[in-house]
1. Restricting to DSSP H runs of at least four residues, report the calculated mean residue ellipticity at 222 nm for the chain, -39500 (n - 2.57) per run over all residues, nearest 500 deg cm²/dmol.
2. Taking neighbour Cβ counts within 10 Å as the exposure measure, how do HIS114, HIS35, HIS55 sort from fewest upward?
3. Provide MET9, MET124, MET69 in ascending order of the number of other Cβ atoms located within 10 Å of each residue's Cβ, fewest first.
4. To the nearest 10 degrees, how steep is helix 87-108 against the longest Cα principal axis of the chain, on a 0 to 90 scale?
5. Can you tell me, using C-alpha contacts under 8 Å and at least 6 residues apart, the relative contact order of region 7-197 as a whole percent?
6. Helix 58-67 versus the longest principal axis of the chain: what is the Cα-based angle in degrees, 0 to 90, to the nearest 10?
7. Using a Förster radius of 41 Å, what is the FRET efficiency between SER118 and VAL173 based on their Cβ-Cβ separation? Nearest 0.05, please.
8. State the percent of C-alpha pairs, over all pairs in the chain, separated by a distance greater than 29 angstrom.
Amino acid sequence: MVFLYDLTMPDILQRIAAALIYAGLQGFLLALLLHLLGDARATESGRLSLNPFNHVLVSGVFLNIAFRMSWIAPLPFSPAKGLARFRPLIAVLASFALLLALVPLLDLARAPLHQYLSRGAGYMVLATIDSLQITLVGSVALGLLPLPGLLLGTALPVIFPRLAKRYRKLAGVGMALAAILLILGWFPDVMPLVRALRLV
């Protein structure tokens with residue numbers, strides 16, 4: 001990963017900040033949606049919080065520094081029967097949609113921030129917004145992989161209970177496989193989607 005040598009300290013700090021903001025948003029939204037859908041297990045586990053340290057994984061921070069994509073600690077889901085089995089899947093997909101909708105909304109904050117912040121602070125904040133937008137889109141794209149350990153993958157065992165034990169045991173393997181796809185450059189470039197969602 002020779003490209004990491006091209007990163008400056010401000011770049012690294014912006015990507016760490018973006019990873020933490022993403023973790024707080026993703027974890028909170030997913031726990032809130034689960035709660036609204038009748039699954040209180042994530043709330044009881046303390047995951048209904050914007051505090052990123054309730055959700056973040058160190059590996060997700062390092063992944064974001066390298067690839068501007070991240071992941072969070074899987075949330076617990078309650079076992080369910082019938083249509084309730086689809087609650088985690090609905091919550092995961094809805095949280096992804098909300099995060100993608102946030103990308104253009106962040107552009108609306110640029111002008112006020114540029115106006116009220118000093119030049120140095122304004123530059124850092126605007127650069128962090130850029131990094132966050134890319135992190136949001138990249139993390140959603142990565143989370144859509146149906147691999148154990150990734151968000152979509154964590155929703156599948158509730159739908160298919162027979163997979164539950166096997167999927168939980170393979171969480172580390174699934175995350176490692178996703179990281180390998182990124183390292184080898186086999187994961188699609190998300191920048192066209194980032195540009196399509198941005199207002200400026």
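Each reported figure results from applying straightforward, stated rules to the coordinates on display, with no laboratory input. This structure is a prediction, so every number in the text was calculated from the model and none was measured. Methodologically, a virtual Cβ is constructed for each residue, glycine included, from the backbone with ideal geometry; neighbour enumeration extends over all protein chains shown.
1. So the helix-based figure for the chain works out to -21000 deg cm²/dmol.
2. Exposure proxy ranking, most exposed first: HIS114, HIS35, HIS55.
3. If I rank by nearby Cβ atoms, fewest first, I get MET9, MET124, MET69.
4. Helix 87-108 sits roughly 10 degrees off the main axis of the chain.
5. Computed over region 7-197, the figure is 23 percent.
6. It is inclined by approximately 50 degrees.
7. 0.30
8. Counting pairs separated by more than 29 Å, the tail of P(r) holds 24 percent.
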